[in-house]
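Q: Provided herewith is a single structure, encoded as structure tokens, for subsequent inquiry.
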Amino acid sequence: MVDRLSPTEYPFSTFKHQINSYRLNYLDEGTGFPTLMLHGNPTWSYYFRSLVRELSGSFRCVVPDHIGFGLSDKPQNYPYLLSNHIDNCESLLNSMNIDKFDLIVHDWGGAIGMGVAVRNPDRVRKMVIMNSASFRSRRMPWQIAICRFPLLGTFAVRKLNLFLRAARYMGTAKHTGLPAGVWNGYLFPYGNYASRVGIDSFVKDIPMNKSHPSYNTILGIEGKLSSLASKPVLLLWGMRDFCFTPKFLSRWLDFFPDALTIKMENAGHFVLEDEPLKSALAIKNFLTERESDGF
């Protein structure tokens, strides 16, 4: 268990948004046009720390921890479904009176973010999509599939913390894995069985067939992606991702053929860890271009 979060690595003030009886933690850094950043699994707002540092001088960076993750509440009997995470993000935006925003997504944050976007296309200005999906796919690495096994998967993910531990090496293209200090940052909110409920639930909420409770949600999002086709899109992709391989990048281009595509050849799934400076500068340049300032 990691008892302390380094203020050097995560030097941000945090805020709480009440959703029913649960508290959703979020960052609200900088001033300017709002930029919503949504993490995936098994990360939290910590994943965006270098990007927040780079953008907060020009943008208002809003970075929530989904319920069950990071510094948010981790209820044990919560309905951890895609639709609920989308609802929570909308609730946060509305509580902050954010009418228009840029969207940056990674991993399962892609499905959540696109869920927010297709519900509110007029509120979205630009989108940055990194190693994620918000459409149906039959592709699932065996390393993730085994974590979905009844009982055994939950034991591995929650008791042994294997999903997060594996991410230290499999999520990056660096053969040495994530550095110890960075790794401690990811570990910090996930120190025991109860705190890993969101990680386990996210794995199980991947809809692979029609009987899954989130299947119709992802199907609905996929069917409405065309409503976002006129938005400026940056596809920033770690090309050495074992999970969201370049085939997923190609699929995004089916929906957004005019997207600016930047391939990070030496980055894995955690593209912001493998190429923090290049990624942050590319995103900042994209968001500050004037082509859609009339939005």
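The values are calculated or read from the model by the stated rules, or taken from the named source; none is laboratory data. Worth saying up front: this structure is predicted, and the values here are computed from it rather than measured. Cβ atoms come from the backbone with ideal geometry, glycine included; neighbour counts cover every protein chain shown. These area figures cover heavy atoms from the full protein model, side chains too; ligands, DNA and RNA do not enter into them. Shrake-Rupley method; radii C 1.70, N 1.55, O 1.52, S 1.80 Å.
Q: Running Debye on the range 114-204 with equal point scatterers at the Cα sites and no solvent, what base-10 log of I(q)/I(0) appears at q = 0.11, 0.16, 0.19, 0.24 Å⁻¹?
A: -0.44, -0.84, -1.03, -1.20
Q: Could you please state how large a percent of the accessible area of the range 146-245 is carbon and sulfur, counting protein chains only and using a 1.4 Å probe?
A: 63 percent
Q: Sum up the charges of everything whose Cβ sits under 14 Å from the Cβ of Ser56, counting Lys and Arg as +1 and Asp and Glu as -1, but leave Ser56 out.
A: 0
Q: How large is ³J(HN,Hα) for each residue in the range 272-279, as worked out from phi by the Karplus curve 6.51 cos²θ - 1.76 cosθ + 1.60 (θ = phi - 60°), to whole Hz, x for Gly and Pro?
A: Along the range 272-279, the couplings run 6, 8, 6, 9, x, 6, 4, 5 Hz.
Q: Indicate, rounded to the nearest 5 percent, the antiparallel portion of the DSSP beta bridges found entirely in the chain.
A: Bridges in the chain are about 30 percent antiparallel.
Q: Another one. Please find, in a Gaussian network model of the chain (springs between Cα atoms separated by less than 10 Å), the residue of Asn97, Asn88, Asn209 whose mean-square fluctuation is greatest.
A: Among Asn97, Asn88, Asn209, the largest mean-square fluctuation in the Gaussian network model of the chain belongs to Asn97.
Q: On to the next question. With springs only between Cα atoms under 10 Å, which of Ile218, Ile146, Ile129 fluctuates most in a Gaussian network model of the chain?
A: Looking only at Ile218, Ile146, Ile129, the biggest GNM fluctuation is shown by Ile146.
Q: Still on this structure, I have one more. Kindly report, to the nearest 10 Å², the accessible surface of Asp99 as traced by a 1.4 Å probe over protein heavy atoms only.
A: About 100 Å², rounded to the nearest 10.
Q: What number in nm² do you get for the chain if you take the convex hull of its Cα atoms and divide its surface by four?
A: Averaging across all directions leaves 13.9 nm² for the Cα convex hull.
Q: With Cβ to Cβ distances under 13 Å as the rule, what net charge do the other residues near Leu151 carry (K, R +1; D, E -1)?
A: Once all neighbours under 13 Å are counted, the net charge is +3.
Q: Per 10 Å bin, what is the whole-percent P(r) computed from every C-alpha pair distance within the range 136-295?
A: 9, 29, 36, 22, 4, 0
Q: Taking the full set of protein chains and a 1.4 angstrom probe, give the accessible area of Thr288 in square angstrom, rounded to the nearest 10.
A: Accessible surface of Thr288 is approximately 70 Å².
Q: I'd like the accessible area for Lys284, computed on protein heavy atoms only with a 1.4 Å probe and all protein chains in place. Round to 10 Å², please.
A: 60 Å²
Q: Could you give the accessible area per residue of the chain, probe 1.4 Å, as a whole number in Å²?
A: 42 Å²
Q: Let's test the formula: R0 of 30 Å, r as the Cβ-Cβ distance of Gln143 and Tyr215. What FRET efficiency results, to the nearest 0.05?
A: 0.85
Q: Report the semi-axes of the equivalent ellipsoid for the range 195-282 in whole Å, largest first, where each axis is √(5λ) for an eigenvalue λ of the Cα gyration tensor.
A: Those come to 25, 20, 11 Å.
Q: Sticking with the crude label model, points 7 Å out along Cα→Cβ, report the distance from Arg136 to Phe15 in nm, one decimal please.
A: 3.9 nm
Q: Comparing His212, His66, His85, which has the greatest mean-square fluctuation in the GNM of the chain with Cα pairs linked when under 10 Å apart?
A: His212
Q: Then there's this: Across the range 70-146, how large is the tail of the calculated P(r) beyond 22 Å, expressed as a percent of all Cα pairs?
A: So the pairs more than 22 Å apart make up 31 percent of the total in the range 70-146.
Q: What list of ³J(HN,Hα) values in whole Hz, one per residue of the range 221-237 in order, does the Karplus curve 6.51 cos²θ - 1.76 cosθ + 1.60 (θ = phi - 60°) give from phi, with Gly and Pro shown as x?
A: Result, rounded to whole Hz: 5, 4, x, 10, 4, 4, 5, 9, 5, 7, 7, x, 10, 10, 9, 10, 10.
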